[in-house]
Structures are given as structure tokens and as C-alpha cells.
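Below is one structure, written out as C-alpha cells; the observations come after it.
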Amino acid sequence: MAIVVAYAFSTVHNDTFSKKALSKKLITPENTEISFKKILKKHSGKVTVIEVWASWCGDCVKAMPNVKEMQTNHPNVDYVFISMDKAFDKWQAGIEKHELKGDHYWATDGMKGAFGKSINLDWIPRYIILDKKGKIVIYRAIETDFAKIDEQLKKLE
């Protein structure tokens, strides 16, 4: 029975985000609040890659060339970056320094905060892929999974 329970828990977020995640507020570059649900609604009808990252994260920075290559290879995909930075100015500086193209949001309470917990965040960079209907097709990909991400995006476009 414990195995069934563990399996069921691990697949809870198979193709949709929890109500808890959808209700979480993030900060826009203009320093206003927006719910995760509204962010997703903005990208409805488009294949979307969500990257959860931080400017202080070495693995995130190392993955940036792969992210840029992905954006070049998949220009019709929407890109959403959610930062786990500790301060607004550090987040803004990271976007500028790495020339990240896409929509940007900041989870003010970091990886172990409410938003991070609501998406089971255990590592960054973390990539989540949504199809045109907003269904999650990849819930947890990391910086070593770019071949898998690329293959999935080719199928969805």
C-alpha cells in the first residue's frame, strides 16, 4: 500500500498545476503582483517553456547557452522565466546580464518558499513544458535534459 501511495503522490501534478500553485503570487518586472494562473492564461494556446532559475545559480548560468539555442531552434514557443533570486535588483541584473528573452517573474520567497513548494521545487534550473492547451507534458527537467526537451518541443510545435 505504501508503494501505491508514494506513486500516487509523485504523479499528482502529471498534467496540471495544483490550485495552490495557480493561486501563488509572483512579482513582475514592473514590481506588481500577478497570480501564476494569470501568467499561464497569458500563454494559453502556445507551447510554453517555464524555466525556474536564479542569477546566483551556477548550473542555471551554465545552462544559458542551451536555453538560447532552444529559443533559436523553437522561436514559436513562449518562454517564461521564474526567478528564485533573493532580491529584486539581483533578479533584474541577472535578466540583463544573461540577456534572457521572454516573460519574467520573481518568487520573492525563494526555492523553499510557497511557490517553490507548490511545484515541488527541489533543483534549479528546472524546466516545465506546457502544450498549447496548457497541459504539462514535462513536469521536471533539469539542465542535463535539453535533448529530451528539444525532442518534446519538436512534437508539440
Just the number, please: carbon plus sulfur as a percent of the accessible area of region 107-157, 1.4 Å probe, no ligands or DNA/RNA counted.
53
Considering only the other residues whose Cβ falls under 9 Å of the Cβ of Cys60, what net charge follows from Lys and Arg at +1 and Asp and Glu at -1?
-2
R0 = 41 Å: FRET efficiency of Asp109 with Lys154, Cβ-based, nearest 0.05?
0.70
Which whole-Hz couplings ³J(HN,Hα) result when phi for each residue of region 41-49 is put into the Karplus expression 6.51 cos²θ - 1.76 cosθ + 1.60, θ = phi - 60°, listed in order with x for Gly and Pro?
4, 4, 9, 5, x, 10, 5, 10, 9
When all C-alpha to C-alpha distances in region 7-110 are sorted into bins of 10 Å, what percent of pairs does each bin hold, rounded to whole numbers?
14, 44, 36, 7, 0
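Which net charge results when you count Lys and Arg as +1 and Asp and Glu as -1 among the other residues whose beta-carbon is under 14 Å from that of His43? Don't jump to the answer; show the numbers that get you there.
Values: positive: Lys37, Lys38, Lys41, Lys42, Lys46, Lys132, Lys133, Lys135; negative: Glu51, Asp78, Asp103, Asp131.
Here the charged neighbours net out to +4.
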Using the heavy atoms of the protein chains alone and a 1.4 angstrom probe, what is the accessible area of region 9-157 per residue in square angstrom?
53
What is the distance, in nm, between label points placed 7 Å from the Cα along the Cα-to-Cβ direction at Lys90 and at Lys133?
4.0
Cα-based Rg / Dmax (Å) for region 114-157:
11.1, 33
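The values are calculated or read from the model by the stated rules, or taken from the named source; none is laboratory data. Everything quoted here is computed from the prediction, not taken from an experiment. Quick reminder, even Gly has a Cβ in these numbers, built from the backbone with ideal geometry, and neighbours come from all protein chains shown. The accessibility values were calculated without ligands, DNA or RNA, using every heavy atom of the protein model including side chains. Shrake-Rupley method; radii C 1.70, N 1.55, O 1.52, S 1.80 Å.
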